Amino acid sequence: MRPFKYQSAATVKDAVGAVSKSEGSKFIAGGTNLVDLMKEDVERPAALIDVSRIDLKQVRSEGDSVVIGAMAKNTDTANHPLVRMNFPLLSQAIFAGASAQIRNMATNGGNLMQRTRCVYFYDTSMPCNKRERGSGCGAKEGLNRMHAIFGWSDECVAVHPSDMCVALAALDAVVKVEGPEGKTRDVPFSAFHRLPGDDPTRDNELKNGELITSITIPKNKFAGNSYYLKVRDRASYAFALVSVAAALELDGEKIKDVRIALGGVAHKPWRARKAEDYLRGKAPKTEEFEKAAKLELADARALEHNAFKVPLAERAIVRALRQASQ
Amino acid sequence: MKYIGKEMSRVDGVAKVTGRAKYAVEYKVNDPAYGYIVQSTVAKGRISKIDTSKAEKLPGVLKILTHQNALKVEEETRQFRALQSDTVLFCGQPIALVVADTFEQARYAANLVEIEYAKEQPSTDFSDTERVQSRGPAPRGKPAEELAGSPVKIEAEYSIPIEHHNPMEPHGATAFWEGDKLTVFDKSQGVYGVRGHLSRSFGIPEGNVNVISLFVGGAFGSSLNVNYYPFLAALAAREVKRPVKLSLTRRQMFTGHGYRPYTTQKVSIGAESTGKFRSIIHEGATNTSTYEDFTESTTRFGRTLYECPNYDSPYYLLKTDLPTPTWMRAPGAVSGAFALESAIDELSYELKIDPVELRLINYADKDPETGRPFSSKALKECFTAGAKKFGWEKRKFAPRSMRDGDLLVGWGTAVGTWGAFQAPATAKIRVRNDGSALVGSGTTDIGPGTYTVCTIIAAESLGIDPKKIEFVLGDTELPRAPSQGGSITTASVGSAVYGAAGEIRRKLVDLVARKEGTALFGASFEDTELVDGNLRLKSDASRSMRVVDVLKEGGVEFVEVEYQSRPSAERQKYTTMAHGAQFVEVKVDESLGIIKVTRVVEATACGRIINPLTSHSQEMGGVVWGIGMALQEATEIDHRYGKMMTTNLADYHVPVAADVFSVETDFVEEKDEIVNELGIKGMGELCLVGIPAAIANAVYHATGKRVRDLPVTPDKLL
Ligand SMILES: Cc1cc2nc3c(=O)[nH]c(=O)nc-3n(C[C@H](O)[C@H](O)[C@H](O)COP(=O)(O)OP(=O)(O)OC[C@H]3O[C@@H](n4cnc5c(N)ncnc54)[C@H](O)[C@@H]3O)c2cc1C
Ligand code: SF4
């Protein structure tokens, strides 16, 4: 690994100041993703600004929302009573990711910012537009079983690997960020991560020097009817082939509101808005779930090795909705 | 028997869990330097330019070895040796070694070595590689004709991807020189093999090289062949005149040693409507490198397993621009069994005969290949015991006929077989006048529990409490023993320990038998035994002396022997095999393609069980390995570049705890007086052999889908 400078930041201001001042410096939180990428020579920061000690670790209720600190650990977040009570979907999604040890280190901010697991991205001797713009996409005509079926471009077919983010997308979370000069802004979750378009080097809309400080989740009525389903190659400790965060608000025999987000299928957590639109006002029945899922997957475009994700995603949506409705 | 056959915890267990057990690069040596390997990023061609100047300028960098400045060795071998020329034979080939004060400095400098290649297009795609027929036994009978004439036939093709051992401990070595004497702590399955290789490479006598491998964090065959890195560590140590530690990263492990080859097979079975096999043609092909032929007995195991008058087992090699494969747990056998045992299962549905029944119909009571009797074969008993424990009689025959709520349930079976081999081995024993014994042999213990079982055998045959026995291994200063591989160690080294103990007794008898006035005056060797610290007469246990008193009487502080055991001539008249019957239950969530192996019963007949505890662990390990092979493991290659891509443990999946449910093991003990005096067969590979097929067969029974390409991942069931 290349030599780098290391500095611990006590406040948001310090951290943002340090990163925006020096070219090539990066925040580090739990380090579970960044350090691996540095060892592989994929990330080559000149300096690391450690944000893990900044006092942004609480989970608290604020008006009609729950606010989750960016530096809170994934494990602590998933176990927090406010999260378990209000958003069991989020707890489930976090626990479906990585391993206990990694979740104990990983922070919420880092989870949003984790980079793709595309094997070409990790291998500096291979072409990859995300790592090196213009070098080509190794996966598009290569090993792409794990890759996207929605929203990909010729430049990049990678998927976002997070489970937590799939639940956050479904829950309409808002990402709070703070940039230089104390400027803050709120980014709706669905606008936080990007599709690759012609610049896959950018995973999200965060600007250089901006730090995620918290994630706000509006309270909702989904807690009784939600389910996170993750289909993977082994029972634990594997990234999703396809995952589904499903949440229903039932009103007697009708679906009053519904949220569906998919993981493992696109460069960002994929909100299944077509399926959602179809289901609002319908009965929570398997046939309706099947129609909605079909509608959503109609736009899917498979690659050479991942055509299975289309029927898998369709079935996973149906299963997750059925589980949620029970 | 007092110790043999009783459960005993690992004698090295505490050392292992407390960290006292040292692995190859953990030894404290004075002022070590660290090596880091630079690997080729292309699979075929030549190194046209290599510039180390930038890297050399970095702080801490001591030396960079490349093909331009490294020692050229004269060793005659087709195995890959590092830094010998500018030719690139596979992607990931070591092409430079950076040596620095710290591992981090070496790794950083490795990034700055600039290399240019004259690239050529590699060929790694198995489907368009030329097949070369490899030598094998001639067909038995007239397989093709008889197949054509059979009333019931099936024919199917199977494939298995490249798989890697992925032991916990990465391969590595610590090397240092004292004058022209070389010491290497290596992670090895055979210290003698490494010693020979190093002595030839450096042109120094074998006696000048000491190779030590006291603990091995798993190897599974990956350290059986001499790997290239011990030489690099030794060479670097010579160049920088300091001890050098060299360890591979997990990613480097995928090309730092061999792997289970890509395997494709076609099985054709012709049978009578009664189920009797008439003809089997089991054809196989595995990949190898361009510079070395690696072959396995993939297609041959069935020839001795089933009664079938006509049998052919042609086998081919596919030359690829990849490193040479190597042995990986149950090499050939597990690959072959996946195809053959799947095909037999397929035939059972064709014939509408229960798959256990079908195997019993074709049971071989003597070796169909040679006509020789088996030294012992309790496979039938394994079927009986296993089926009973599993509850096989409740199986409904038709696929998709068993359910647990929304899940489909499938029950499958398969047979495993592995040779009961033995090789010459030497052991040394010293019995001291404090009643303790030091026992040693230059074998290794890669995890099965060799330290423990050899302690048990020594305790039993010396009549000494195991706590007073120290068994040492893994050092070329100890008497020569075979490498730990092929499940031969307990049979070979155990026999040597047993034989040496007999010689100890002879010496003890000699000390007192002519001494008038002692209890054992006039004793004959044949009529003595060692029990509970005593030497006594078998015919009259009251005529007994404490061993320490025997030594005192003889006026010596200790007695010591070195003894070599060899496979007996008697064995040649028999076929010696170990067998097992495996029963598997899977539950399948069909619409999502999720398979859970909810229950495994493994009934095994492999001679005498020395330690039921470590034997059970071996079997469990085999089952878990089989789950990985059946459902998860695959090293994926991008053939455009000839490069392995899933080279880390996030992308190369092995089972996690959540993938493993109930695993029950049952041993049908065989009293086999032919294999060796202790009746030991070996089991480390056997326990895996039938598992992948049994799982695939259970998946078929559950779903009606026959997956013939491993691993059976969710996408293949959709
Ligand atoms: C083997 C393995 C398996 C895994 N499996 C899964 C899985 O199944 N599902 C899943 O969801 N995840 C999985 N993960 C990923 C894991 O969830 C992430 O590594 C983790 O969430 C990252 O958090 P961190 O705090 O360690 O981030 P770091 O590694 O410290 O940082 C990651 C990135 O985020 C940036 N960053 C960190 N904090 C902030 C902030 N507050 N504001 C702005 N930028 C920031 C850093 O600069 C860096 O670029 C796995 C990881 C591993 C190693
Ligand atoms: S899919 Fe994206 S990340 Fe993967 S190789 Fe292509 S550009 Fe790189």
Subject >> Extended-chain gain in nm, criterion 0.36 nm per residue less alpha-carbon gap, A:LYS39 and A:ARG117 >> reply: 26.6 nm
Subject >> Simple label model, 7 Å out from Cα along Cβ direction - A:ARG2 to B:GLU470, nm >> reply: 5.2 nm
Original post:
Given A:ASN104, A:PRO311, A:ASN33, which one lies farthest toward the positive end of the charge dipole of chain A, if we put +1 on the Cβ of every Lys and Arg and -1 on the Cβ of every Asp and Glu?
Top reply: A:ASN104
Subject >> Ranked B:GLU670, B:GLU664, B:GLU145, criterion: other C-beta atoms within 10 Å, fewest first >> reply: B:GLU145, B:GLU664, B:GLU670
Original post:
Using 12 Å as the cut-off for backbone N distance, which residues of region B:36-74 belong to the label zone defined by a point 7 Å from the Cα of B:GLN84 along Cα→Cβ?
Top reply: B:72-74
Subject >> Neighbour-count ranking [beta-carbon atoms within 10 angstrom, fewest first] of B:TRP418, B:TRP411 >> reply: B:TRP411, B:TRP418
Original post:
Tell me, in nm to one decimal, what length is gained between B:LEU58 and B:LYS389 on full extension, where the rule is 0.36 nm per residue of separation less the Cα-Cα distance?
Top reply: 112.7 nm
Original post:
Roughly how big is the protein assembly as shown's charge dipole about its Cα centre, with Cβ charges of +1 (Lys, Arg) and -1 (Asp, Glu), in debye to the nearest 20?
Top reply: 1320 debye
Original post:
Hey, fewest Cβ within 10 Å first, where do A:MET105, B:MET168, A:MET164, A:MET126 land in order?
Top reply: B:MET168, A:MET105, A:MET126, A:MET164
Original post:
What nm value, rounded to one decimal, do you get for the distance between B:LYS716 and B:ARG403 when each label is placed 7 Å out toward the C-beta?
Top reply: 2.6 nm
Original post:
Along the charge dipole of chain B, Cβ charges K/R +1 and D/E -1, which of B:VAL663, B:ILE429, B:THR370 sits furthest on the positive end?
Top reply: B:ILE429
Original post:
Helix-derived [θ] at 222 nm for chain A: sum -39500 (n - 2.57) over DSSP H runs of at least 4, divide by residue count, nearest 500?
Top reply: -8000 deg cm²/dmol
Subject >> Relative contact order %, chain B, counting alpha carbon pairs below 8 Å whose residues are six or more apart >> reply: 16 percent
**OP:** Quick one: grab the alpha carbon gyration tensor of chain B, order the square roots of its eigenvalues as a ≥ b ≥ c, and give me rounded if a/c is under 1.5, else prolate or oblate depending on whether a/b is larger than b/c.
**Re:** oblate
Original post:
Quick one: if you stick a label point 7 Å off each Cα along the C-beta vector at B:PHE525 and A:GLU181, how many nm between them?
Top reply: 9.8 nm
Subject >> Net charge dipole size for region B:59-161 [Lys, Arg +1 and Asp, Glu -1 on Cβ; Debye, nearest 20] >> reply: 320 debye
Subject >> Sites B:LYS72 and B:ASP293 - FRET efficiency at Förster radius 35 Å, r taken between beta-carbons, to 0.05 >> reply: 0.90
Original post:
With springs only between Cα atoms under 10 Å, which of A:LYS176, A:LYS256, A:LYS73 fluctuates most in a Gaussian network model of chain A?
Top reply: A:LYS256
Original post:
Using the Cα gyration tensor of chain A, with a ≥ b ≥ c the square roots of its eigenvalues, what is the shape: rounded (a/c below 1.5), prolate (a/b larger than b/c) or oblate (neither)?
Top reply: oblate
**OP:** Please get the size of the charge dipole for chain B, origin at its Cα centre, with Cβ charges of +1 on Lys and Arg and -1 on Asp and Glu, quoted in debye to the nearest 20.
**Re:** 420 debye
Subject >> Integer Hz, Karplus 6.51/-1.76/1.60 couplings in order for region A:153-167, x for Gly and Pro >> reply: 10, 4, 7, 7, 10, 6, 10, 7, x, 6, 8, 3, 5, 5, 5
**OP:** Work from the charge dipole of region A:226-325 (Cβ charges, +1 for Lys and Arg, -1 for Asp and Glu, about the Cα centre) and give the residue of A:SER243, A:ALA275, A:ILE255 farthest towards its positive end.
**Re:** A:SER243
Subject >> Under 5 Å, built H, 5+ apart or other chain: amide partners of B:TYR315 >> reply: B:SER134, B:GLY284
Original post:
Using alpha-carbon pairs under 8 Å, 6+ residues apart, how would you state the relative contact order of region A:226-325 in percent?
Top reply: 29 percent
**OP:** Apply 1/(1 + (r/R0)^6) to the Cβ-Cβ distance of A:ALA100 and B:LYS16, taking R0 = 22 Å, and write down the FRET efficiency to the nearest 0.05.
**Re:** 0.45
**OP:** Pick out, in residue order, every one of the GluC sites (Glu not before Pro) in region B:487-569 that is DSSP loop and has at most 10 other C-beta atoms within 10 Å; say none if there are none.
**Re:** B:GLU516
**OP:** With a Förster radius of 45 Å, plug the Cβ-Cβ distance of B:LYS119 and B:SER591 into 1/(1 + (r/R0)^6) and report the FRET value to the nearest 0.05.
**Re:** 0.45
Original post:
Over region A:5-52, what is the mean sequence separation of C-alpha contacts under 8 Å (at least six apart), divided by residue count, expressed as relative contact order in percent?
Top reply: 55 percent
Subject >> chain B - mean residue ellipticity at 222 nm from DSSP helices (-39,500 (n - 2.57) per run, n ≥ 4, rounded to 500) >> reply: -7500 deg cm²/dmol
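Rule-based calculations on the coordinates, nothing more; no lab input. Fair warning: this is a prediction, and the values are worked out from it, not measured in the lab. All Cβ positions, glycine included, derive from the backbone under ideal geometry; neighbour counts span all protein chains shown.
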